[in-house]
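A short write-up of the structure that comes next.
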Amino acid sequence: MQTTTSRRVALASDHAGVALKDALKQAVEALGHTALDLGTHTDASVDYPDFGDKLARTILAGDAEVGVAICGTGIGISIAANRHKGVRAALCHDATSARLSRQHNDANVLALGARVIGAEVAKDCLATFLATEFEGGGRHSGRVHKLG
Ligand code: RB5
């Protein structure tokens with residue numbers, strides 16, 4: 001199912017993802033959502049776990065409904081975010097994965113690899129992720145519940 005509900009979207013990246021984060025921040029606003037930029041803000045080297053943690057804490061505190069996590073591959077920052085109970089970060093490389101991460105997994109963080117996918121594919125992932133609702137129902141709800 002598609003949704004047009006406006007959301008608060010927190011974005012966080014390490015230095016490898018800062019340019020893509022800035023592009024996606026604009027895309028978030030263009031789609032009618034509110035962007036909360038958690039950094040980093042320059043290409044000076046930083047550690048992705050710090051930004052995955054910051055993003056997860058922001059969502060768990062209720063300061064944003066969903067998040068976008070970006071590093072070079074998307075792997076490190078998604079691992080960091082997923083260490084927090086209640087965060088479901090999905091590393092996506094295409095819009096189909098982004099759609100299914102919402103429909104089946106109720107993902108609340110979209111993780112992207114800035115060195116792996118292009119900006120247009122990333123924007124497609126973002127738009128799809130934000131527009132798609134969790135299907136719920138016994139099957140998917142039960143599985144997501146088991147994730148803790
Ligand atoms: C930084 O060089 C790189 O290791 C990081 O962005 C990410 O790809 C780690 O998973």
- When you look at S141, is it among the polar types (S, T, N, Q) and surrounded by 18 or more Cβ atoms within 10 Å (Cβ to Cβ), yes or no? no
- Message: Here is a check on your reading of the model: is G39 within 15 Å of the ligand (Cβ to nearest atom) and at positive phi?
- Response: yes
- Residues in the range 107-137 that are more than 16 Å from the ligand (Cβ to nearest atom) and in a strand (DSSP E or B) total 1
- What's the number of the condition H104 fails, among (1) surrounded by fewer than 22 Cβ atoms within 10 Å (Cβ to Cβ); (2) within 20 Å of L24 (Cα to Cα); (3) more than 14 Å from the ligand (Cβ to nearest atom); (4) not charged (D, E, K, R)? (2)
- Can you confirm whether the range 85-94 contains a residue that is within 16 Å of the ligand (Cβ to nearest atom), within 10 Å of the chain's Cα centre (by Cα), part of a loop (DSSP other than H, G, I, E, B) and of a type in the set (A, V, I, L, M, F, W, C)? yes
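Do you know which residues across the range 58-76 are hydrophobic (A, V, I, L, M, F, W, C) and surrounded by 14 or more Cβ atoms within 10 Å (Cβ to Cβ)?
Filtering the range 58-76 down to residues hydrophobic (A, V, I, L, M, F, W, C) leaves 59-61, 64, 66, 68-71, 75.
Hits for the range 58-76 are I59, L60, A64, V66, V68, A69, I70, C71, I75.
Bear in mind these aren't lab numbers, they're just calculated from the coordinates by the rules spelled out. Just so it is clear, the model here is predicted, and its values are computed rather than measured. Using ideal geometry, Cβ is built from the backbone for each residue, glycine included, and neighbour counts are taken over all protein chains shown.
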